Amino acid sequence: MRKLTFGMNLTLDGYIAATGDDIGWSNGRSDELFEWWLDRERAITLSLYGRKLWETMSASWPTGDQQPDATPAQIDFARNWRDTPKVVFSSTLDKVDWNTRLVTGDAVAEITRLKAGDGGPMSIGGATLAAAAVRAGLVDEYLLVTHPVLVGGGTPFFTVLDGWVNLNLVETRTFPGGAVLTRYETR
């Protein structure tokens with residue numbers, strides 16, 4: 001059984017994007033935090049994306065290593081992002097690129113099938129897609145990197161659940177700038 005991780009940067013009041021899909025609050029992350037995310041991404045063998053996160057990632061990372069101001073970590077991240085197999089779940093897209101497969105059908109059924117198969121760890125991103133996986137009990141690990149900012153509204157990290165999800169805290173870490181990692185495993 002493959003492990004599925006849901007992890008993102010979020011605000012102290014629990015949003016992954018402020019109103020209007022604004023993620024400007026996450027600019028200026030520390031190099032140490034960026035390197036930590038890069039290490040996590042290198043360990044992933046399959047990335048699962050919802051449409052909105054896919055559009056955000058595919059708008060910059062396919063050519064991120066070719067930008068004149070790209071840091072070595074950004075260059076590595078862009079190359080890893082392109083090389084890592086991806087699945088995008090969307091009923092509105094008709095094409096995806098960069099080592100990616102499009103799924104237009106039942107996301108929970110496909111994620112369940114992927115988890116039951118052979119292979120290494122998977123990550124899931126995008127609030128709507130992750131919410132469906134959380135409600136179906138498919139997420140094994142949660143990575144929350146909470147930033148010291150309040151935005152008052154937007155896209156929440158967690159949506160409404162059908163019941164409780166009990167977790168075990170397995171790691172905490174503080175990054176420069178005050179971002180705090182909390183990592184939990186599902187009981």
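The values are calculated or read from the model by the stated rules, or taken from the named source; none is laboratory data. Since this is a predicted model, take the numbers as computed values, not measurements. Positions of Cβ are backbone-derived with ideal geometry, glycine not excepted, and every protein chain shown enters the neighbour counts. Remember, those area values only see protein heavy atoms, side chains included, never the ligands or the DNA or RNA. Shrake-Rupley method; radii C 1.70, N 1.55, O 1.52, S 1.80 Å.
Things to note:
- Protein accessible area in the chain, 1.4 Å probe - carbon and sulfur %: 51
- The Cβ shell under 11 Å around Gly64 holds other residues with a net charge of -1, Lys and Arg each +1, Asp and Glu each -1.
- 3J(HN,Hα) from dihedral phi, segment 145-157, Karplus parametrisation 6.51/-1.76/1.60, rounded to Hz, x for glycine, proline: 10, 8, 9, x, 8, 10, 10, x, x, x, 9, x, 5
- Nitroxide proxy distance, nm - points 7 Å out along Cα→Cβ at Glu171 and Thr128: 3.1
- Once the C-beta distance of Glu110 and Asp31 is scaled by a Förster radius of 25 Å, the resulting FRET efficiency is 0.10 to the nearest 0.05.
- Taking each DSSP H run with n ≥ 4 as -39500 (n - 2.57) and averaging over every residue of the chain yields -8500 deg cm²/dmol at 222 nm.
- Beta bridges assigned by DSSP with both partners in the chain are antiparallel in approximately 45 percent of cases.
- Remark: the chain carries 52 Å² of accessible area per residue (probe radius 1.4 Å; ligands, DNA and RNA excluded).
- The mean sequence separation of alpha-carbon pairs under 8 Å and at least six residues apart, normalised by the residue count of the chain, gives a relative contact order of 36 percent.
- Potential lengthening between Leu161 and Leu38 on full extension [0.36 nm per residue; Cα-Cα distance subtracted]: 41.3 nm
- In units of the rule-of-thumb radius 2.2 N^0.38 Å, segment 91-174 shows an alpha carbon radius of gyration of 1.28.
- In this structure, the amide hydrogen of Leu10, modeled 1.01 Å from its nitrogen in the peptide plane, lies closer than 5 angstrom to those of Val145, Thr146, His147, counting only residues at least 5 positions away or on a different chain.
- Geometric extent, Cα atoms of the chain - Rg, Dmax (angstrom): 16.0, 48
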